[in-house]
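**Student:** Handing you a structure now.
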Amino acid sequence: MSFQPADNIQDLQYFGEFGGVNPSISDSSTYTFLSAKTMFDTFEGNADGCYLYSRHSTPSNLYLGEALAAMEGTQTANVTASGMGAITPVLMQLCGAGDHIVSSRTIYGGTYAFLKNFTPKFHIETSFVDITNLEKVEAAITSSTKVIYCESVSNPLLEVADIKGLADLAKKYNLKLVVDNTFSPLSIAPAKLGADIVIHSLTKFINGSSDTVGGVVCGTQEMIDNLRNVNDGACMLLGSTMDSLRAASVLKNLRTLHIRMKQHSHNALYLAQQFEKDGLKTVYPGLPSHPSHELFTQMMHPEFGYGGMLTLDVGSLDKANELMELMQHKNLGYLAVSLGFYKTLFSAPGSSTSSEIPEDEQAEMGLTDGLIRFSIGLDNDIERTYEMMKACMIEVGVLRPAGKMETVSV
Ligand SMILES: *Cc1c(COP(=O)(O)O)cnc(C)c1O
């Protein structure tokens with residue numbers, strides 16, 4: 001049987017302290033011991049099943065971590081207070097002064113800023129490359145390289161990483177392949193394709209209710225133990241610990257992820273097909289016109305589709321802003337950053353989530369002013385949504401009304 005992430009989540013069984021169907025929430029920052037010896041052993045990491053202090057671990061956080069490890073098919077996982085709180089300790093753990101990272105150039109703005117502006121303070125340098133070009137990736141590897149970093153589907157340009165190809169390179173040069181899988185939970189399982197570490201911002205699809213930030217690092221027991229080590233573990237010492245109450249609520253939302261992803265993907269595919277037919281510049285990995293459509297198709301679990309993210313280029317930032325304001329006014333979604341919500345969210349990444357990236361570099365990577373990033377919601381009747389969106393586009397002049405011959409500049 002091939003790997004099935006949703007079944008792995010389904011197969012987990014929980015019993016709360018009093019027989020509850022949900023695990024009990026741990027509501028303590030510190031834990032008592034009957035013997036001082038056990039306390040010492042716990043601190044050293046030698047007393048399995050004992051808890052000491054909630055920055056180290058909590059029952060609620062372990063439950064969520066184990067569910068996410070089951071989803072990604074890794075030995076274990078460590079949940080964190082945010083996605084950035086997962087990404088930054090992993091990179092600080094794997095790299096020290098003098099080390100080098102090869103990173104995709106199209107990544108989340110916060111990750112880009114961290115690698116571009118922050119890690120150089122610790123003499124960790126990063127080369128940003130076109131991750132879809134394995135020759136360029138290999139050419140950027142030096143004797144100091146420790147990590148290849150990418151997103152399985154990139155933010156915001158929806159480039160798709162060849163995870164198997166990158167994993168082969170990582171093996172050849174003895175590097176760690178770290179993949180941020182935030183845009184494609186369930187659809188893509190990077191660890192099964194050879195990634196060493198898989199990261200998510202739980203803030204997005206996995207939690208799915210835009211009520212909290214959260215993150216996770218999925219990897220081997222050894223890697224996660226290193227991150228949690230009380231003497232030199234970056235998760236432990238940098239302190240981006242998730243709160244237990246949040247871990248419990250994210251775990252409950254995780255249970256509907258498979259249903260939500262199917263609907264996000266179904267809706268996004270429909271809209272992408274229609275908008276492309278209407279002549280709009282549409283980027284969606286589920287469209288045969290997407291340069292990595294075949295690659296995504298080879299890597300994916302088909303039932304979860306190509307994900308909920310798509311981009312449209314409407315020509316200029318002014319047009320993008322006008323359209324987004326109108327769509328919000330018509331209650332088609334929110335003009336907001338982030339993704340994975342039940343309502344559609346839209347933003348212009350060049351002036352928001354990717355504004356950390358200098359304008360000339362934005363241009364080089366194809367991030368244009370008129371680009372709108374959509375996180376398509378769970379709308380029940382997507383055809384109705386499409387008709388309403390199309391009416392907005394006609395109103396702002398991004399599309400022309402059917403049957404009229406005026407030309408529109410897009
Ligand atoms: C949002 C996001 C992050 C950062 O996660 P936070 O939870 O906001 O810290 C990292 N990577 C990707 C791809 C994201 O979309």
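**Student:** Using only Cα atoms, locate the centre of region 357-393 and the centre of region 211-234, then give the distance between them in Å, rounded to an integer.
**Tutor:** 34
**Student:** Can you give me the relative contact order of the chain as a percent, contacts being Cα pairs under 8 Å and 6 or more apart?
**Tutor:** Averaging sequence separation for qualifying contacts and normalising by length gives 16 percent for the chain.
**Student:** List the aspartates and glutamates whose alpha-carbon lies under 13 Å from that of Lys176, not counting same-chain residues fewer than 8 positions away?
**Tutor:** Qualifying aspartates and glutamates at Cα under 13 Å: Asp99, Asp168, Asp196.
**Student:** Next up: What is the local net charge at Asp313, summed over the other residues whose Cβ is closer than 11 Å to its Cβ (Lys, Arg +1; Asp, Glu -1)?
**Tutor:** For residues surrounding Asp313, the net value is +2.
**Student:** Using the Kirkwood formula on the Cα atoms of region 258-396, what hydrodynamic radius do you get, in angstrom to one decimal?
**Tutor:** 15.2
**Student:** Alpha carbon centre of region 105-119 versus region 29-100: separation in Å?
**Tutor:** If you average the Cα positions of each part, the centres end up 25 Å apart.
**Student:** May I ask you to give the percent of accessible area on region 258-396 that is carbon plus sulfur, with a probe radius of 1.4 Å?
**Tutor:** In region 258-396, the share of accessible area belonging to carbon and sulfur is 50 percent.
**Student:** Please work out the average accessible area per residue across region 258-396, using the 1.4 Å probe convention, and give it in Å².
**Tutor:** 44
**Student:** Evaluate the charge dipole of the chain about its Cα centre and quote only its size in Debye, nearest 20, assuming +1 on the Cβ of each Lys and Arg and -1 on the Cβ of each Asp and Glu.
**Tutor:** Charge dipole of the chain: 380 debye, to the nearest 20.
**Student:** Still on this structure, I have one more. Aspartates and glutamates near Lys252 by alpha-carbon distance under 20 Å, same-chain residues fewer than 8 away left out - which ones?
**Tutor:** Asp7, Asp11, Glu17, Asp27, Glu66, Glu72, Asp211, Asp243
**Student:** Quick one: of Lys319/Lys343; Lys204/Lys330; Lys172/Lys192; Lys136/Lys172; Lys192/Lys277, which pairs are farther than 27 Å apart, Cα to Cα?
**Tutor:** Correct reply: Lys192/Lys277.
**Student:** Which percentage, to the nearest 5, of the DSSP beta bridges contained in the chain is antiparallel?
**Tutor:** Taking every DSSP beta bridge within the chain, about 55 percent pair in antiparallel fashion.
**Student:** Now a separate question. Percent of accessible area on region 79-130 owned by carbon and sulfur, 1.4 Å probe?
**Tutor:** Heavy-atom surface of region 79-130 belonging to carbon and sulfur, 1.4 Å probe: 55 percent.
**Student:** Enter the accessible area per residue of region 170-244 (Å², integer; probe 1.4 Å; all protein chains in place).
**Tutor:** Counting only protein heavy atoms, the per-residue value for region 170-244 is 34 Å².
The values are calculated or read from the model by the stated rules, or taken from the named source; none is laboratory data. Quick caveat: nothing in here was measured; it's all calculated off a predicted structure. Here the Cβ is made from the backbone with ideal geometry for all residues, glycine too, and neighbour counts use every protein chain on show. Surface accessibility is based on the protein's heavy atoms, side chains included, excluding ligands, DNA and RNA. Shrake-Rupley method; radii C 1.70, N 1.55, O 1.52, S 1.80 Å.
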